[in-house]
Amino acid sequence: MVASKTVSSKQETWLGALAAALLSLPVPHAQAATLAGTAVSNTASASYQMEGASGSTTSNTVATEVDEILDITLRNTGTETVRLDGRDAATFAIPFVLTNTGNGDEAFQLEAADPSQEVAPTVAIDVDGNGAYDPAVDITLSGQPTPLLAPGAQLNLLLRFARLPTGAGGATITARAETGSGAPGTFFAGKGDRGSDAVVGRTRAEATLPIAYGVGSGGSVAQLIKSQTVRAPDGTAAPVSGAVVTYRLALTAGGGTVLSDAEIVDPIPVGTAFVPGSIQIEDIAVSDVADADAAFFDGAAIHIALGEISQPTTRVVTFQVTIL
Amino acid sequence: MIKIHSLAIGSSALAALASIVILAPAQAKTTGVTLTNSVLVQHKSAAADGTTRITLVPANHVVPGDRVVFRTVYKNHLAQPVSGMVVSNPVPANISYHGPAEGSPAPEVSIDGAHFAPLAALTVAGRPARADQVRAVRWLVHGQVPAGAAARYSYEASVK
């Protein structure tokens, strides 16, 4: 009995802290997907005239259930490469954000790995959202999933090291929907909200976030990290003809040197066509022509003038091509 | 005898028609004018030639973003023609109207459920109405629908 009561008390503390954490989350305005378990019903009707009199009729009612779609994103909220110099090992953490981009309440399982570390990094919920670890406030996820996140809800998280790395390296965070993950379209009968079925969405209901870190000011003064995502016409990530590839270029000043007249020149790959109007700098669209804004496409490569960058700012540029 | 009431389908002229009583045989299932409704979802599969084949299958389950087709088939089982046929279909909540489905004539649409017109003729707060603001559609069948005649109307939409 005593043991049971102790557990209960711990759970209450845990849930109370989580409730506080989740209440502080911003509500994304873009979230409008129909909630899992919603029934969509439709009945048609008709009217007509026959020999001067009117008649009418109604159709059968068709009911369609909206399944729970399982989707997730992970986003690094800090700089592209985290500097570890002078950090306090007790409180240092790398913040990142998990977003439930599905349409149902979902919990997520997180793992962190770093081949250069003897002890795997851990993940904690950043309850107060300050980007630093505070053992009195923040909650380390020791193998258990996150609490249920509402559709569109974001959860502030922290990556923590048992001991601060002494050299440059990288950690990988992986998150998966607890209901299930895998190939888009994978079906989990009856596992969705309100008795609906659950279906894995385009993100495969799993996300991987690489975190790069460095120590000291050695190496190049700037680092350009390029990544890509592919979206095929059928919703998968297959690099087939007609698929749209979104490239993400992240330039980080790394050595304490201020960069001036920084420019990114990135040729588009052979066998692809640039998507007009797709260049964005820090999520803001810019034009393709050489004009007052910082970007243009010369027919073969995109050019991005980034001007002066002072450490440790990261500038992120995205653009799209279509596979021919 | 079956008693058939005129339905409020959004047209003031039609809504004004009084209820009437039509004499009909007892087997009501295949008498009068019938409407059969179905909701179909696009199912994509890889064809042998490397292309993506899209087929329509009954939409028992959907997820946000799915392209769906709302299909209504009418048939005149009466022994005589009918005229002035209007087939109406509301756009359910959580569904975003796109336009007529392939092979179907374009319906008149309504933003408010009362006033119907081609989409291009409708405005919302002084701006051209968007397809996703459509809340109901209807097809006006011109001329007579002969005895035994049937037709199919459908619109394409997506799950919000």
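The values are calculated or read from the model by the stated rules, or taken from the named source; none is laboratory data. Owing to the predicted nature of the structure, the values given are computational and were not obtained by experimental measurement. All Cβ positions, glycine included, derive from the backbone under ideal geometry; neighbour counts span all protein chains shown. To get the accessible areas, we keep the full protein, side chains included, count just its heavy atoms, and leave off ligands, DNA and RNA. Shrake-Rupley method; radii C 1.70, N 1.55, O 1.52, S 1.80 Å.
Worth pointing out:
- Qualifying residue in region A:115-125 (condition: acidic (D, E) and either within 30 Å of A:A89 (Cα to Cα) or in contact with a helix residue (DSSP H, G or I) (Cβ under 7 Å, 6 or more places away or on another chain) (or both)): yes
- Residues in region A:166-182 that are outside any strand (DSSP E or B) and open to solvent by 50 Å² or more (accessible area, probe 1.4 Å): A:T166, A:A168, A:E178.
- Scanning region B:110-124 turns up no residue that is at the interface with another protein chain (Cβ under 10 Å from one of its Cβ atoms), within 27 Å of B:A149 (Cβ to Cβ) and touching a residue at least 24 places away in the same chain (Cβ under 8 Å).
- Residues that are at pLDDT 90 or above number at least 1 in the following strands (runs of 3 or more DSSP E) confined to region A:36-108: A:39-50, A:53-66, A:68-70, A:72-76, A:94-100.
- Matching option when the condition is modelled with pLDDT under 95 and among the β-branched types (V, I, T), among B:V62, B:V86: B:V62
- Check on B:T72, assigned to a strand (DSSP E or B), closer than 30 Å to A:G104 by Cβ and out of contact with any helix residue (DSSP H, G or I) (no Cβ under 7 Å at 6 or more places or on another chain): no
- Summed over region A:47-105, the residues that are within 14 Å of chain B (Cβ to nearest Cβ) and under 30 Å from B:V63 (Cα atoms) give a count of 19.
- Among the residues making up region B:35-54, those that are surrounded by 15 or more Cβ atoms within 10 Å (Cβ to Cβ) and either outside any strand (DSSP E or B) or aliphatic (A, V, I, L, M) (or both) are B:L35, B:V39, B:L40, B:V41.
- Residue within region B:81-98 that is open to solvent by 60 Å² or more (accessible area, probe 1.4 Å) and more than 9 Å from chain A (Cβ to nearest Cβ) present: yes
- Just one of the listed residues (B:V73, B:V109, B:V57) is surrounded by fewer than 22 Cβ atoms within 10 Å (Cβ to Cβ) and modelled with pLDDT of 95 or more, namely B:V73.
- Here A:G129 fulfils each of the conditions (1) touching a residue at least 12 places away in the same chain (Cβ under 8 Å); (2) within 30 Å of A:A232 (Cβ to Cβ) apart from (2).
- Restricting attention to region A:96-144 and to residues that are open to solvent by 40 Å² or more (accessible area, probe 1.4 Å) and of a type in the set (A, V, I, L, M, F, W, C), the residue that is farthest from A:L74 (Cα to Cα) turns out to be A:A136.
- Exclusive hit being modelled with pLDDT under 95 and more than 16 Å from B:T72 (Cβ to Cβ), set B:A131, B:A93, B:A117: B:A93
- Residues (closer than 26 Å to A:A36 by Cβ, of a type in the set (S, T, N, Q) and surrounded by 16 or more Cβ atoms within 10 Å (Cβ to Cβ)) located in region A:57-95: A:T64
- Candidate set from region B:60-70 (those that are open to solvent by less than 10 Å² (accessible area, probe 1.4 Å) and of a type in the set (V, I, T)); member that is nearest to the other protein chains (Cβ to nearest Cβ): B:V62
- Checked against the criterion of being open to solvent by 50 Å² or more (accessible area, probe 1.4 Å), in a loop (DSSP other than H, G, I, E, B), within 14 Å of chain B (Cβ to nearest Cβ) and in contact (Cβ under 8 Å) with a residue 60 or more places away in the chain, the candidates A:R202, A:R194, A:R163 yield just one match: A:R202.
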